1. Which FRET efficiency value, to the nearest 0.05, is calculated for residue 36 and residue 84 with the Förster distance at 41 angstrom and r the Cβ-Cβ distance?
2. At R0 = 25 Å, how high is the FRET efficiency between residue 126 and residue 101 if r is their beta carbon distance? Nearest 0.05 is fine.
3. Need one word for region 70-141: rounded, prolate or oblate. Basis is the Cα gyration tensor (sqrt eigenvalues a ≥ b ≥ c); a/c below 1.5 gives rounded, then a/b vs b/c decides.
4. Going 7 Å from the Cα of residue 69 in the Cα-to-Cβ direction, what parts of region 99-139 have a backbone nitrogen less than 17 Å from that spot?
Amino acid sequence: MRSAQDTWPLLDRERELTEILRAYRERGNGVALVGAGGLGRTRLAREAQARLGAAAQWVAATRAGATIEFGALAHLLPEDADLSGGRLTVLRRLTRRFHDAGEPRTALVVDDAHLLDHASAAFVHHLATHGPAFLIVTRRAGATASDAIIALEKEGLVTRRPPGRTSRPGGASSPTVRWSGPPCCAATAPRPGPRCWTPPTWPTS
Ligand SMILES: Nc1ncnc2c1ncn2[C@@H]1O[C@H](COP(=O)(O)OP(=O)(O)OP(=O)(O)O)[C@@H](O)[C@H]1O
Ligand SMILES: [Mg+2]
């Protein structure tokens, strides 16, 4: 699903997208798109999801959703799933879903992973450790996040890259792209001129 704002053409992200898709093809664990607010993390993740097609599943974490355990992941479970065994059962059911999916392996896109409740975050970490899925995780730099989400990068499940933020004259900059899998570039080079993308300004009233 795309938002109305995504009907604007995507600019300056071909390089990141190529690398994300390559990491998927080469069976890396996943990528974390880490950056400050408004840098275009969601848009980049959306585009990656679109290019991966049916193989990709979208999870949107929100502060409100975090008040419900596994709330952000509810759509990944069958409605009639017997969850009477509690959290461990949910975690196992979700993991099995990704194992059963077979090939092409599923890419799980988790937008704003820093907002996940602890149970969902534990699942994402579990999937990165034991599951066959490819992860695309966006996270706001500096925001408090579950230790399970921080651990994705810290434990090298998603390989750390040196911060590679590149500002463009228009003010937008590329999120730091942290990778698992083969080394690759972290950010697009500055590109002055008419192709520069400037974050939209919104009416204040
Ligand atoms: N490369 C791009 N080309 C064109 N438009 C873009 C690009 N990146 C982002 N945008 C647009 O800029 C706006 C902000 O981007 P987005 O919501 O992806 O940022 P974000 O980093 O996810 O922000 P937040 O911190 O609020 O989660 C959206 O309208 C999006 O469609
Ligand atoms: Mg976002």
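No lab work stands behind these numbers, since they all come straight from the coordinates. Just so we're clear, the structure is a prediction, and the values are computed from it rather than from any experiment. Here the Cβ is made from the backbone with ideal geometry for all residues, glycine too, and neighbour counts use every protein chain on show.
1. 0.45
2. Result of the calculation: an efficiency of 0.95.
3. oblate
4. Counting only backbone N, you get 116-126.
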